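Structure first, then comments.
A short reminder: the numbers here are calculations on the coordinates, not readings from a lab. Just so it is clear, the structure is predicted and the values come from calculations on it, not from any experiment. All Cβ positions, glycine included, derive from the backbone under ideal geometry; neighbour counts span all protein chains shown.
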Amino acid sequence: MSIDGKLDNRVLTQIVNLLEQQFGSNCEVVLHDLSRPYDSTIVDIRNGHITGRRVGDCGSNLGLEVIRGTVKDGDKFNYFTTTKDGKILRSSSIYLRDDENNVRYSLCVNVDITESIKFESFLHNQNRFHLGIDQSPPNGEEVFVNNVHELVQSMLDRGIAFIGKPVEEMSKEEKTRLIEFLDRKGVFLITKSGEKICDALGITKYTFYQMLETVRKNGNGITGEPPDTDMDETSTA
C-alpha cells in the first residue's frame, strides 16, 4: 500500500485510535516507523500488555524480511502466532510505502484469542461434535520481542533448527547454509548482528564475509550491499 509523502502522522494516530476503540483491550495495535533504526521502530502501541512491548521497542522478524527485500509484498492477514508467555494471537499486518516506493510504516493488529479458543475447546468437549476443523496450534511464524538482541537470538535458534544439528557439529557448508537462511530473513540489517553470528558459529569476520559473498554470488541470497554489522576490523571469533 502506498501513502502520500505528505501524510500527516496525526492521520496514522487517528487510525490507531480507531482500531483500539473498535476492538478493545484484547487487541494490540502497533505502528512502526521503519525509517528508524530497527531497534526502536515502535512509535505507537496500544494494549502492549498482549505481547509485552512498548514504544521504543524493536520490530518483528517479518518486518526485517520486507525491508531486506526477501518478501516483496509483506501484507498478511489473519495469520496465527504465539507470544513468549503462550498467548495465541490472530494477526494482520500492512506495510505503507512512500512516493519513492520505500517501506516507511507498518501497521499491525494482534488479537488475543487465547480465551476464546479455550471456550471453543470447552464447547467441542461438551457437545462431543466435531466438524473436522484443523485445531493444530499456530506455528509461531512471527516473533515478538522487546529488543533486537532477542530477535537475532530467536532467528539464530530457528536457523540452527533449520539445519538440524548443533553448531559444533556443522560443516563449513552447513554454516554457509545457516548464514544464507539468516540473510534471507534480514538478520544482517541489524547493527552488530554479524558479530553475534560469528561468535555463535566460531568463525572470524573474514570467514563470515566469505560465506555471505558465496551465498549471494550463487544467487541463493538477496543481492545488495554487505550487511552493516559494525564489527571491529580486528575482531575474530
Query raised in the report: Which lysines does Lys196 reach when only Cα atoms under 20 Å apart count, and residues fewer than 8 places away in its own chain are ignored?
Result: Lys165, Lys172, Lys175, Lys185, Lys205
Query raised in the report: According to the square roots a ≥ b ≥ c of the eigenvalues of the Cα gyration tensor, what is the shape class of segment 28-124, taking rounded for a/c under 1.5, prolate for a/b larger than b/c otherwise, and oblate for the remainder?
Result: prolate
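Based on other C-beta atoms within 10 Å, arrange Phe181, Phe23 from fewest to most. Spell out each step's value before the answer.
Numbers: Phe181 21, Phe23 15.
Ascending number of Cβ neighbours within 10 Å: Phe23, Phe181.
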Query raised in the report: For segment 148-217, rounded, prolate or oblate, judged on the Cα gyration tensor with a ≥ b ≥ c (square roots of eigenvalues), a/c < 1.5 rounded, else prolate if a/b > b/c?
Result: rounded
Query raised in the report: Got a sec? How would Ile160, Ile197 order by Cβ neighbour count within 10 Å, fewest to most?
Result: Ile160, Ile197
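Could you please report the charge total around Arg184, scoring K, R as +1 and D, E as -1 over all other residues with beta-carbon less than 9 angstrom from its beta-carbon? Spell out each step's value before the answer.
Details: positive: Arg68, Lys185; negative: Glu65, Glu180, Asp183.
Net charge in that neighbourhood comes out at -1.
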Query - Ascending count of other beta-carbon atoms within 10 Å, so fewest first, for Glu28, Glu20 - result: Glu20, Glu28
